[in-house]
Each structure stands twice: as structure tokens, then as C-alpha cells.
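Okay, so here's the structure we're looking at.
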Amino acid sequence: MSESIQIAIGSAVKGDGGFVGEVERVDVDPGGPFATAVSIRPRHEGGAPRRVPMALLEQGPNGLRLRCTRKEFEELPADGPVR
């Protein structure tokens, strides 16, 4: 059974170094009601949103938490507009 995570647009996402960014979009599997990835806009101005696979997120005591380092987050692919 997979872990349940609550995700809302605008939710804060934290990592080891504190606040990382906020949820901008949630990608849902067209074959079922499952999220596949989340677009997270970095906290710094002008940073491109990053497409974060669900495997790298967990429900923390105060919201969403990354299961990767800030460097790994910054190396994730930039998330473009919805097609």
C-alpha cells in the first residue's frame, strides 16, 4: 500500500535547509487518480519551477518535505507550461 500525501497548490515544501519553494501544479496520471509529479517553484525570484517525482516527496509534520538535497532539487528538470 502506498503512502498518502496531501498536496494543495501553494503549499510550502521544505527540505534539509528549510523552505525550498511552493507547489505550483500537480501532474495526475490520466489512467487513475494518482499524482505522478509536482511542479515546485523555488523560493528565489526568477527560478524556474522544477518537476519533482512523487517518490521524492513525503508528508512531514508541517507539510510537504523533499527526500533529496537542495542541490539535487536544483538539478531536476525545469517544468515548462502544460501542453
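Rule-based calculations on the coordinates, nothing more; no lab input. Being a predicted model, the structure only gives us computed values, none of them experimental. Virtual Cβ from ideal backbone geometry, glycine too; neighbours counted across all protein chains shown.
Computed quantities for the displayed model
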quantity	calculated
Approximate spin-label separation ASP29-LYS14, in nm, with each point projected 7 Å along Cα-to-Cβ	2.9
Antiparallel bridge percentage (DSSP; both residues within the chain; nearest 5)	90
Phi to ³J(HN,Hα) by Karplus 6.51 cos²θ - 1.76 cosθ + 1.60 over the stretch 71-79, Hz, x for Gly, Pro	4, 5, 4, 5, 8, 5, x, 5, 9
Long-range amide H partners of LYS14 with built H, under 5 Å	VAL20, LEU64, ARG65, LEU66
Long-range amide H partners of ASP79 with built H, under 5 Å	ARG50, ARG51
Net charge contributed by nearby residues that have their C-beta within less than 11 Å of ALA48 (K/R +1, D/E -1)	0
